[in-house]
Amino acid sequence: MRIDSIELRELPMRMRTPFQTSFGIEQERRILLVSLFADGVEGMAECVAGAFPGYSPETIDTCWTVIEQFVAPRLKERDVATPDELLHLLAPIRGHDMAVAAVEMAFWDLQAKALNVPLWTLLGGRRRDIPVGISLGIQTSIEATVEAARRGAEEGYRRVKLKIAPGWDVDVVRAVREALPDVALTVDANSAYRLTDARRLKDLDAFALDYVEQPLAHDDLIDHAELQRQLTTPICLDESVHSPEDARKGLHLGSGRIVNLKVGRVRGFRRARQVHDVAQAFGAPVWCGGMLESGIGRAANLHLSTLDGFTLPGDTASASRYWERDLIEQELEAEDGLQVVPSDGPGLGVTLDRAFVEARTTRVETY
Ligand code: OSB
Ligand code: MG
(Lines give C-alpha, C1' and ligand atoms only; values in the text may rest on other atoms or scores of the structure.)
(Ligands and ions follow the chains in the order given, each with its own letter.)
Protein backbone atom coordinates (compact mmCIF):
# COMPACT_ATOMS: atom_id res chain seq x y z
CA MET A 1 0.00 0.00 0.00
CA ARG A 2 1.30 3.42 -0.89
CA ILE A 3 1.29 5.66 2.19
CA ASP A 4 -0.11 9.05 1.23
CA SER A 5 -0.05 10.80 4.58
CA ILE A 6 -0.06 10.51 8.34
CA GLU A 7 -2.43 12.56 10.44
CA LEU A 8 -1.83 13.28 14.12
CA ARG A 9 -4.65 14.54 16.29
CA GLU A 10 -4.75 15.48 19.95
CA LEU A 11 -7.86 15.76 22.05
CA PRO A 12 -8.14 16.07 25.80
CA MET A 13 -10.49 13.69 27.56
CA ARG A 14 -11.28 13.96 31.25
CA MET A 15 -11.67 10.70 33.14
CA ARG A 16 -14.66 10.29 35.44
CA THR A 17 -12.36 9.89 38.42
CA PRO A 18 -8.62 10.36 38.98
CA PHE A 19 -6.49 7.24 38.52
CA GLN A 20 -3.66 7.00 41.05
CA THR A 21 -0.69 4.69 40.82
CA SER A 22 2.64 4.51 42.64
CA PHE A 23 4.09 6.88 40.02
CA GLY A 24 1.42 9.54 39.86
CA ILE A 25 -2.17 10.57 39.51
CA GLU A 26 -3.97 11.20 36.26
CA GLN A 27 -7.38 12.53 35.31
CA GLU A 28 -6.86 14.66 32.21
CA ARG A 29 -5.84 12.32 29.44
CA ARG A 30 -4.35 13.82 26.30
CA ILE A 31 -5.48 11.37 23.64
CA LEU A 32 -3.28 11.12 20.55
CA LEU A 33 -4.84 9.54 17.48
CA VAL A 34 -2.76 8.48 14.51
CA SER A 35 -4.28 7.96 11.05
CA LEU A 36 -2.50 6.47 8.06
CA PHE A 37 -3.99 7.17 4.64
CA ALA A 38 -3.26 4.88 1.71
CA ASP A 39 -5.17 3.87 -1.41
CA GLY A 40 -8.20 5.86 -0.23
CA VAL A 41 -8.38 3.95 3.06
CA GLU A 42 -7.78 5.30 6.58
CA GLY A 43 -6.21 3.14 9.28
CA MET A 44 -6.27 4.41 12.83
CA ALA A 45 -4.67 3.82 16.20
CA GLU A 46 -4.35 5.46 19.58
CA CYS A 47 -0.93 6.24 20.99
CA VAL A 48 -0.82 4.99 24.58
CA ALA A 49 1.85 7.33 25.94
CA GLY A 50 0.77 9.52 28.83
CA ALA A 51 1.15 13.25 29.24
CA PHE A 52 3.80 12.64 31.93
CA PRO A 53 6.79 10.25 31.63
CA GLY A 54 5.99 8.23 34.76
CA TYR A 55 5.18 4.79 33.34
CA SER A 56 7.55 5.09 30.41
CA PRO A 57 10.04 7.74 29.24
CA GLU A 58 7.73 8.48 26.31
CA THR A 59 5.03 11.13 26.42
CA ILE A 60 2.45 12.12 23.86
CA ASP A 61 4.65 15.10 22.98
CA THR A 62 7.74 12.96 22.35
CA CYS A 63 5.57 10.64 20.28
CA TRP A 64 4.23 13.51 18.21
CA THR A 65 7.76 14.78 17.59
CA VAL A 66 9.18 11.36 16.71
CA ILE A 67 6.34 10.58 14.33
CA GLU A 68 6.55 14.01 12.68
CA GLN A 69 10.34 14.16 12.38
CA PHE A 70 11.44 10.55 11.92
CA VAL A 71 8.52 8.23 11.17
CA ALA A 72 6.49 10.20 8.63
CA PRO A 73 9.47 11.03 6.37
CA ARG A 74 10.42 7.32 6.23
CA LEU A 75 6.90 6.22 5.28
CA LYS A 76 5.51 8.98 3.12
CA GLU A 77 5.01 7.97 -0.49
CA ARG A 78 6.50 4.56 0.20
CA ASP A 79 4.94 1.28 -0.85
CA VAL A 80 4.56 -0.84 2.25
CA ALA A 81 3.20 -4.35 1.85
CA THR A 82 3.38 -5.80 5.37
CA PRO A 83 3.85 -4.78 9.01
CA ASP A 84 7.31 -6.41 8.81
CA GLU A 85 8.24 -4.09 5.99
CA LEU A 86 6.96 -1.10 7.91
CA LEU A 87 8.97 -2.09 10.99
CA HIS A 88 12.02 -2.56 8.81
CA LEU A 89 11.69 0.99 7.45
CA LEU A 90 11.45 2.25 11.04
CA ALA A 91 14.22 0.04 12.43
CA PRO A 92 16.82 2.87 12.47
CA ILE A 93 14.71 4.58 15.16
CA ARG A 94 15.95 3.28 18.48
CA GLY A 95 13.34 3.09 21.20
CA HIS A 96 10.27 5.33 21.06
CA ASP A 97 8.26 2.14 20.94
CA MET A 98 4.93 3.79 21.77
CA ALA A 99 5.35 6.23 18.89
CA VAL A 100 6.26 3.45 16.44
CA ALA A 101 3.53 1.19 17.84
CA ALA A 102 0.82 3.74 17.14
CA VAL A 103 1.85 3.92 13.49
CA GLU A 104 2.31 0.16 13.18
CA MET A 105 -1.12 -0.46 14.71
CA ALA A 106 -2.72 2.05 12.33
CA PHE A 107 -1.08 0.11 9.49
CA TRP A 108 -2.71 -3.16 10.63
CA ASP A 109 -6.09 -1.43 10.76
CA LEU A 110 -5.43 -0.01 7.30
CA GLN A 111 -4.56 -3.43 5.89
CA ALA A 112 -7.52 -5.12 7.49
CA LYS A 113 -9.83 -2.43 6.09
CA ALA A 114 -8.28 -2.74 2.62
CA LEU A 115 -8.86 -6.51 2.80
CA ASN A 116 -12.31 -6.01 4.33
CA VAL A 117 -11.61 -8.36 7.25
CA PRO A 118 -11.70 -7.83 11.00
CA LEU A 119 -8.32 -7.08 12.54
CA TRP A 120 -8.34 -10.17 14.74
CA THR A 121 -8.32 -12.46 11.72
CA LEU A 122 -5.12 -10.82 10.45
CA LEU A 123 -3.58 -11.16 13.90
CA GLY A 124 -4.46 -14.85 13.92
CA GLY A 125 -6.76 -14.75 16.92
CA ARG A 126 -9.47 -17.25 17.73
CA ARG A 127 -11.00 -16.20 21.03
CA ARG A 128 -14.23 -14.21 20.74
CA ASP A 129 -15.33 -13.64 24.35
CA ILE A 130 -12.59 -11.83 26.21
CA PRO A 131 -12.53 -12.23 30.00
CA VAL A 132 -11.79 -8.91 31.67
CA GLY A 133 -10.90 -7.56 35.08
CA ILE A 134 -10.75 -4.15 36.69
CA SER A 135 -7.69 -2.16 37.71
CA LEU A 136 -8.38 -0.09 40.81
CA GLY A 137 -6.17 2.94 41.31
CA ILE A 138 -5.06 3.85 44.81
CA GLN A 139 -8.22 5.00 46.58
CA THR A 140 -8.70 7.50 49.38
CA SER A 141 -9.22 4.83 52.04
CA ILE A 142 -9.18 1.11 52.64
CA GLU A 143 -12.99 1.17 52.99
CA ALA A 144 -13.33 2.88 49.61
CA THR A 145 -11.06 0.24 48.08
CA VAL A 146 -13.08 -2.62 49.53
CA GLU A 147 -16.29 -1.04 48.24
CA ALA A 148 -14.89 -0.49 44.74
CA ALA A 149 -13.56 -4.06 44.65
CA ARG A 150 -16.92 -5.39 45.83
CA ARG A 151 -18.76 -3.44 43.12
CA GLY A 152 -16.40 -4.79 40.49
CA ALA A 153 -16.89 -8.36 41.65
CA GLU A 154 -20.67 -7.88 41.76
CA GLU A 155 -20.62 -6.55 38.20
CA GLY A 156 -19.10 -9.86 37.19
CA TYR A 157 -15.50 -8.82 36.51
CA ARG A 158 -13.26 -11.86 36.43
CA ARG A 159 -10.42 -10.32 38.42
CA VAL A 160 -9.74 -7.34 40.66
CA LYS A 161 -6.32 -5.68 40.50
CA LEU A 162 -5.27 -3.27 43.23
CA LYS A 163 -2.57 -0.69 42.74
CA ILE A 164 -0.11 -0.82 45.61
CA ALA A 165 2.84 1.25 46.82
CA PRO A 166 5.00 1.23 49.95
CA GLY A 167 2.64 2.19 52.79
CA TRP A 168 -0.41 1.11 50.77
CA ASP A 169 -0.09 -2.62 50.45
CA VAL A 170 -0.58 -5.40 53.00
CA ASP A 171 -3.41 -3.75 54.94
CA VAL A 172 -5.47 -2.87 51.91
CA VAL A 173 -4.93 -6.29 50.32
CA ARG A 174 -5.90 -8.04 53.55
CA ALA A 175 -9.09 -6.00 53.83
CA VAL A 176 -10.14 -6.75 50.25
CA ARG A 177 -9.29 -10.43 50.61
CA GLU A 178 -11.33 -10.69 53.84
CA ALA A 179 -14.32 -9.02 52.19
CA LEU A 180 -14.04 -11.04 48.96
CA PRO A 181 -12.52 -14.43 49.81
CA ASP A 182 -13.18 -15.94 46.37
CA VAL A 183 -12.39 -13.12 43.97
CA ALA A 184 -9.39 -13.50 41.65
CA LEU A 185 -7.20 -10.80 43.20
CA THR A 186 -3.90 -9.28 42.01
CA VAL A 187 -1.73 -6.29 42.85
CA ASP A 188 0.34 -3.93 40.70
CA ALA A 189 3.23 -1.95 42.22
CA ASN A 190 4.40 -0.21 39.04
CA SER A 191 8.04 -0.62 40.10
CA ALA A 192 7.64 0.99 43.52
CA TYR A 193 9.69 -1.55 45.55
CA ARG A 194 13.28 -2.72 45.82
CA LEU A 195 14.70 -6.12 46.57
CA THR A 196 15.31 -4.97 50.15
CA ASP A 197 11.49 -4.87 50.51
CA ALA A 198 11.32 -8.63 49.91
CA ARG A 199 10.07 -9.37 53.40
CA ARG A 200 7.18 -6.93 53.01
CA LEU A 201 6.32 -8.38 49.62
CA LYS A 202 6.48 -11.91 51.05
CA ASP A 203 3.64 -10.94 53.38
CA LEU A 204 1.46 -10.77 50.26
CA ASP A 205 1.86 -14.54 49.84
CA ALA A 206 -0.81 -14.94 52.53
CA PHE A 207 -3.61 -13.58 50.31
CA ALA A 208 -3.79 -16.10 47.46
CA LEU A 209 -3.05 -13.50 44.79
CA ASP A 210 -2.97 -14.65 41.18
CA TYR A 211 0.16 -12.55 40.74
CA VAL A 212 2.02 -9.45 41.86
CA GLU A 213 2.66 -7.18 38.90
CA GLN A 214 5.99 -5.41 38.37
CA PRO A 215 7.09 -5.00 41.98
CA LEU A 216 10.66 -3.91 41.17
CA ALA A 217 12.44 -1.52 38.82
CA HIS A 218 11.26 -1.05 35.25
CA ASP A 219 14.64 -2.09 33.84
CA ASP A 220 15.42 -4.92 36.19
CA LEU A 221 15.22 -8.64 35.52
CA ILE A 222 17.90 -9.92 37.91
CA ASP A 223 16.34 -8.71 41.15
CA HIS A 224 12.90 -9.80 39.98
CA ALA A 225 14.35 -13.30 39.55
CA GLU A 226 15.78 -13.20 43.08
CA LEU A 227 12.47 -11.94 44.46
CA GLN A 228 10.52 -14.60 42.55
CA ARG A 229 12.65 -17.27 44.23
CA GLN A 230 11.51 -15.91 47.60
CA LEU A 231 7.79 -15.57 46.78
CA THR A 232 5.21 -18.26 46.22
CA THR A 233 2.97 -15.72 44.43
CA PRO A 234 3.87 -15.54 40.73
CA ILE A 235 5.38 -12.30 39.51
CA CYS A 236 3.83 -10.76 36.39
CA LEU A 237 6.13 -8.52 34.35
CA ASP A 238 4.79 -5.32 32.81
CA GLU A 239 7.28 -2.41 32.52
CA SER A 240 10.25 -4.80 32.12
CA VAL A 241 9.15 -6.30 28.83
CA HIS A 242 9.64 -4.26 25.65
CA SER A 243 10.46 -7.02 23.20
CA PRO A 244 10.37 -10.77 22.58
CA GLU A 245 14.01 -10.78 23.74
CA ASP A 246 13.03 -9.23 27.08
CA ALA A 247 10.29 -11.84 27.46
CA ARG A 248 12.72 -14.66 26.71
CA LYS A 249 15.29 -13.34 29.17
CA GLY A 250 12.76 -12.67 31.91
CA LEU A 251 11.06 -16.04 31.61
CA HIS A 252 14.40 -17.85 31.28
CA LEU A 253 15.81 -16.15 34.38
CA GLY A 254 12.60 -16.73 36.31
CA SER A 255 12.04 -12.98 36.79
CA GLY A 256 8.34 -13.71 36.50
CA ARG A 257 5.94 -16.38 35.33
CA ILE A 258 3.29 -14.24 33.63
CA VAL A 259 3.44 -11.33 31.17
CA ASN A 260 1.17 -8.31 31.01
CA LEU A 261 1.24 -7.57 27.29
CA LYS A 262 0.63 -4.00 26.16
CA VAL A 263 0.84 -3.51 22.45
CA GLY A 264 2.07 0.08 22.75
CA ARG A 265 4.90 -0.93 25.08
CA VAL A 266 6.31 -3.50 22.63
CA ARG A 267 6.31 -1.46 19.40
CA GLY A 268 3.05 -2.76 17.98
CA PHE A 269 1.05 -5.85 17.11
CA ARG A 270 3.85 -7.67 15.28
CA ARG A 271 6.10 -7.68 18.30
CA ALA A 272 3.17 -8.22 20.67
CA ARG A 273 2.47 -11.43 18.81
CA GLN A 274 6.12 -12.43 19.14
CA VAL A 275 6.08 -11.76 22.88
CA HIS A 276 2.91 -13.84 23.07
CA ASP A 277 4.64 -16.67 21.18
CA VAL A 278 7.70 -16.58 23.44
CA ALA A 279 5.49 -16.72 26.52
CA GLN A 280 3.59 -19.66 25.04
CA ALA A 281 6.87 -21.49 24.43
CA PHE A 282 7.64 -21.07 28.14
CA GLY A 283 4.13 -22.11 29.12
CA ALA A 284 3.61 -18.65 30.63
CA PRO A 285 0.13 -17.08 30.45
CA VAL A 286 -0.22 -13.57 29.07
CA TRP A 287 -2.99 -11.04 29.49
CA CYS A 288 -3.74 -7.75 27.82
CA GLY A 289 -2.80 -4.67 29.80
CA GLY A 290 -4.41 -1.27 29.47
CA MET A 291 -3.19 2.31 29.43
CA LEU A 292 -6.44 4.15 30.21
CA GLU A 293 -7.25 4.15 26.51
CA SER A 294 -10.25 5.61 24.78
CA GLY A 295 -12.35 3.36 22.58
CA ILE A 296 -9.81 3.26 19.73
CA GLY A 297 -7.06 1.85 21.92
CA ARG A 298 -9.43 -0.44 23.81
CA ALA A 299 -10.73 -1.89 20.55
CA ALA A 300 -7.14 -2.65 19.51
CA ASN A 301 -6.54 -4.35 22.87
CA LEU A 302 -9.62 -6.52 22.43
CA HIS A 303 -8.47 -7.68 18.99
CA LEU A 304 -5.07 -8.61 20.41
CA SER A 305 -6.73 -10.50 23.25
CA THR A 306 -8.17 -13.02 20.77
CA LEU A 307 -4.79 -14.80 20.52
CA ASP A 308 -4.69 -18.22 22.18
CA GLY A 309 -2.18 -17.34 24.90
CA PHE A 310 -4.37 -14.65 26.49
CA THR A 311 -5.70 -16.98 29.14
CA LEU A 312 -5.97 -14.51 32.05
CA PRO A 313 -8.48 -11.62 32.31
CA GLY A 314 -7.23 -8.39 30.72
CA ASP A 315 -7.38 -4.73 31.77
CA THR A 316 -10.00 -4.10 29.11
CA ALA A 317 -12.96 -3.35 31.35
CA SER A 318 -15.97 -1.33 30.23
CA ALA A 319 -15.10 2.02 28.64
CA SER A 320 -17.75 3.64 30.83
CA ARG A 321 -15.61 2.97 33.91
CA TYR A 322 -13.34 5.75 32.66
CA TRP A 323 -15.34 7.84 30.21
CA GLU A 324 -18.59 9.76 30.48
CA ARG A 325 -18.65 9.75 26.69
CA ASP A 326 -16.25 7.76 24.53
CA LEU A 327 -14.94 8.97 21.18
CA ILE A 328 -16.37 6.02 19.26
CA GLU A 329 -19.98 5.24 18.44
CA GLN A 330 -19.92 1.75 19.92
CA GLU A 331 -20.14 1.15 23.65
CA LEU A 332 -17.37 -1.21 24.65
CA GLU A 333 -19.09 -2.57 27.72
CA ALA A 334 -18.35 -5.81 29.50
CA GLU A 335 -21.18 -8.12 30.37
CA ASP A 336 -20.70 -10.69 33.08
CA GLY A 337 -16.97 -9.97 32.92
CA LEU A 338 -16.72 -10.60 29.20
CA GLN A 339 -16.08 -8.24 26.31
CA VAL A 340 -16.82 -9.21 22.74
CA VAL A 341 -14.46 -8.22 19.97
CA PRO A 342 -15.80 -5.12 18.19
CA SER A 343 -17.14 -6.12 14.79
CA ASP A 344 -18.98 -3.15 13.29
CA GLY A 345 -17.08 -3.34 10.03
CA PRO A 346 -13.55 -4.38 9.06
CA GLY A 347 -10.32 -3.49 10.88
CA LEU A 348 -10.83 -2.31 14.45
CA GLY A 349 -14.57 -2.75 14.00
CA VAL A 350 -15.46 0.56 15.63
CA THR A 351 -16.34 3.96 14.18
CA LEU A 352 -15.10 7.30 15.39
CA ASP A 353 -17.73 9.76 16.57
CA ARG A 354 -16.42 12.32 14.08
CA ALA A 355 -18.47 15.29 15.28
CA PHE A 356 -17.43 14.73 18.88
CA VAL A 357 -13.78 14.24 17.93
CA GLU A 358 -13.69 17.32 15.68
CA ALA A 359 -15.28 19.44 18.39
CA ARG A 360 -12.74 18.31 20.98
CA THR A 361 -9.60 18.37 18.84
CA THR A 362 -7.02 20.86 20.08
CA ARG A 363 -4.34 20.09 17.49
CA VAL A 364 -4.33 18.29 14.16
CA GLU A 365 -1.55 18.09 11.56
CA THR A 366 -1.02 16.10 8.40
CA TYR A 367 2.46 14.99 7.43
O1 OSB B 1 0.56 -0.65 35.08
O2 OSB B 1 -1.07 -1.57 34.10
C3 OSB B 1 -0.49 -0.54 34.47
C4 OSB B 1 -2.70 2.50 33.72
C5 OSB B 1 -1.75 3.41 33.30
C6 OSB B 1 -0.42 3.04 33.30
C7 OSB B 1 -0.04 1.76 33.73
C8 OSB B 1 -0.99 0.84 34.12
C9 OSB B 1 -2.35 1.24 34.15
C10 OSB B 1 -3.42 0.38 34.62
C11 OSB B 1 -4.81 0.66 34.14
O12 OSB B 1 -3.26 -0.50 35.43
C13 OSB B 1 -5.22 -0.26 33.06
C14 OSB B 1 -6.47 0.17 32.36
O15 OSB B 1 -7.55 -0.10 32.88
O16 OSB B 1 -6.40 0.77 31.25
MG1 MG C 1 1.07 -2.68 35.34
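The values are calculated or read from the model by the stated rules, or taken from the named source; none is laboratory data. Note that the structure is a prediction, hence the values are computed from the model and not measured. Cβ sites come from the backbone with ideal geometry, for glycine too, and all protein chains shown count toward neighbours. With ligands, DNA and RNA removed, areas are computed over all heavy atoms of the protein, side chains included. Shrake-Rupley method; radii C 1.70, N 1.55, O 1.52, S 1.80 Å.
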In the set Ile134, Ile130, Ile142, the lone residue that is within 16 Å of ligand 2 (Cβ to nearest atom) and in contact (Cβ under 8 Å) with a residue 24 or more places away in the chain is Ile134
Across the range 171-205, what is the number of residues that are open to solvent by less than 10 Å² (accessible area, probe 1.4 Å), under 14 Å from Lys161 (Cα atoms) and not β-branched (Val, Ile, Thr)?
-> 4
Output for the range 206-246, where each listed residue is within 16 Å of ligand 1 (Cβ to nearest atom), hydroxyl-bearing (Ser, Thr, Tyr) and either closer than 23 Å to Val173 by Cα or surrounded by fewer than 22 Cβ atoms within 10 Å (Cβ to Cβ) (or both) = Tyr211
What is the residue count in the range 1-47 for residues that are out of contact with any Phe, Trp or Tyr (no Cβ under 9 Å at 6 or more places or on another chain), open to solvent by 10 Å² or more (accessible area, probe 1.4 Å) and among the aliphatic types (A, V, I, L, M)?
-> 2
Unique residue being open to solvent by 70 Å² or more (accessible area, probe 1.4 Å), free of Cβ contacts under 8 Å to residues at least 12 places away in the same chain and of a type outside the set (Lys, Arg) when the list is Glu77, Glu85 = Glu85
Assigned to a helix (DSSP H, G or I), touching a strand residue (DSSP E or B) at 6+ places or on another chain (Cβ under 9 Å) and either modelled with pLDDT of 95 or more or open to solvent by less than 40 Å² (accessible area, probe 1.4 Å) (or both): does that describe Ala72?
-> yes
